[in-house]
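Below you'll find the structure, written out as structure tokens, and then a few comments.
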Amino acid sequence: MDHSVILLLIGGWFALFLLLGQNVSTVLLGSGLVGIALWTGPRVFNGIIGPDIFFTASIYSLSIIPLYLAMAQLLLRGGVIIDLFRVAYRLSGYKRFPLGVATILTGGLLGAVCGSGSASAAALASLAGDELERVGYTRRYAIGLAAVSGSLSAIIPPSLIVIIYGSITMVSIGHLFIGLIIPGLICMAVYIVCLLFYAEVRPGAPDGIQPDEDEDPALFRRSLLAFGFVIVLMVVVFGGIYGGIITVGEAGAIGAFTALAGMLLMRRITLQGIAQAFTDSVVVTGMLMMLVIGAQILARFLAFSRLPTELVHLLQPWLDSPMILLVFIMLLFFLAGMILESAAVIVLLVPILLPVLQAAHIDLLWFGVMACFMISLGLLTPPVGLSVYAAASVVRYPVGEVFRPALVFAVAGALVVTVLMLFFPGLVTWLPGQIR
């Protein structure tokens, strides 16, 4: 069979089953297997499939995923989300703008312990949506703000897509985590400015409503203790990485053990909750590993087809103008993030584009942070903005209404943060360069 026909057939296979709603990992694996069989014949399976799967599953950088997932699940099962928002709600003075800022900051803190944009958005929508509406924001704006705040989990370390990116490109995950800090803070600042100048407020709605019932001081002290525990945990984990004291894998292990010990000492979790947290961690890890294995098999087919090499030759005129090339690649990541889950975008696009990035001498650390940021914006944009869908579905509100306010934040973030990272790469690379 002609090689051009095989490439068209596999491209059609991939698009068809993706549109039919097939799991992305299954589509990747199926496309890779069929492509290899058509390109080289089935005999090659004996020599590459088993070793490829074994090699991918044994990559050290992927082995740290269950550690960070366990840390996140233990904190979530311990009710830390409620405590974070309760403290933020109290510190805001129950006023409109400060409460909005507190929601964004809570989303950032939640990102540091959760790593999932859709999960953070759903949690914030259920907790903060009603309170934001009470202080005067419209219903759709309150849910949209929760989705925006939850999407920060994709760029606030420890982000799962960053771990996957690092395992594919062999870039230090610790450096990626540290490189995300300044862009993440800038993104939060942009969202706060958007909140100041763009807000949907109900006409005549009062500002500064006190809660219906006086809050139990003991309950607030309990929440304040949990809030302090999360801050200390993040300082230990990321301070240890930045200081060169521990590796990113050791940080994940320390974080998981500390989260377990803290939740037990504060009597926040039962043995059943611990078992459920570990079970959820294993399930998510299995899903991510299947995604990465499927991508590895597809990448093997692409290597046989020499498609990445041909792509380098096709883009040769642009390699001398990496800035223009980067703009188009970032647009590609943004569009892919609109229709695919964030981890799927990384495992699908990065192996194809990696030879192009290397030929253009683009810093893979800098690129990885920018790519993850563009994917996080895709969580807020139609047609498949997962953070928006998660936030709207958990409170049973029409998702189409929520996209409008979320898009304003996404566009502002894309314009400001992306431009700053393009023209000032040191925003990404300076902190990692200081690691001893």
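The values are calculated or read from the model by the stated rules, or taken from the named source; none is laboratory data. Quick caveat, the model's predicted, so the values are computed rather than measured. FYI the Cβ positions are ideal-geometry reconstructions off the backbone, even for glycines, and counts take in every protein chain you see. In case anyone asks, the SASA skips ligands and DNA or RNA and just uses the protein heavy atoms, side chains included. Shrake-Rupley method; radii C 1.70, N 1.55, O 1.52, S 1.80 Å.
Figures for the structure shown
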| item | result |
| --- | --- |
| Nearest-20 debye value, the chain charge dipole, Cβ charges on Lys, Arg, Asp, Glu | 280 debye |
| Relative compactness, the stretch 370-416, computed as alpha-carbon Rg over 2.2 N^0.38 Å | 1.12 |
| Ratio of the Cα radius of gyration of the chain to 2.2 N^0.38 Å, where N counts its residues | 1.00 |
| Chain lengthening between S63 and A275 when straightened (0.36 nm per residue, less Cα-Cα) | 74.4 nm |
| Residues of the stretch 160-189 with amide N under 11 Å of a point placed 7 Å along Cα→Cβ from Q434 | 182 |
| Accessible surface, the chain, averaged per residue in Å² (probe 1.4 Å) | 43 Å² |
| Additional length obtainable on full extension of the chain from N23 to H3, 0.36 nm per residue less Cα span | 4.5 nm |
| Spin-label pair L91/A15, simplified geometry with 7 Å Cα→Cβ offset, distance in nm | 4.9 nm |
| Computed over the chain: relative contact order in percent, which uses C-alpha pairs under 8 Å that are six or more apart | 27 percent |
| Global geometry of the stretch 388-436, whether rounded, prolate or oblate, following the gyration tensor of its Cα atoms and the 1.5 cut on a/c | oblate |
| Inter-probe distance in nm under a simple model that places probes 7 Å from Cα toward Cβ, at V419 and F328 | 2.3 nm |
| Expected 222 nm ellipticity per residue - DSSP helices of 4 or more, -39500 (n - 2.57), all of the chain, to 500 | -26000 deg cm²/dmol |
| Three-way shape call for the stretch 190-335 based on the alpha-carbon gyration tensor, with the a/c threshold at 1.5 | oblate |
| Length-normalised contact order of the stretch 312-436 in % [C-alpha pairs under 8 Å, at least 6 apart] | 26 percent |
| A218/F197 FRET efficiency (R0 56 Å; Cβ-Cβ; nearest 0.05) | 0.90 |
| Accessible surface of the stretch 278-338, 1.4 Å probe, proportion on carbon and sulfur as whole % | 76 percent |
| Descending semi-axes in Å of the stretch 263-335, equivalent ellipsoid built from Cα gyration tensor | 44, 19, 7 |
| Theoretical FRET efficiency, 1/(1+(r/R0)^6), r = Cβ-Cβ of V236 and L185, R0 22 Å, to 0.05 | 0.70 |
| Surface/4 estimate of mean projected area, convex hull on alpha-carbon atoms of the stretch 87-203, nm² | 7.1 nm² |
| Simple label model, 7 Å out from Cα along Cβ direction - M170 to V411, nm | 4.3 nm |
| Cα shape, the stretch 284-416, gyration tensor, a/c 1.5 rule | oblate |
| If the convex hull is drawn through the Cα atoms of the stretch 14-67, its volume per residue in Å³ | 94 Å³ |
| Charge sum, other residues only, whose C-beta stays under 15 Å from H3's C-beta, Lys/Arg counted +1 and Asp/Glu -1 | -1 |
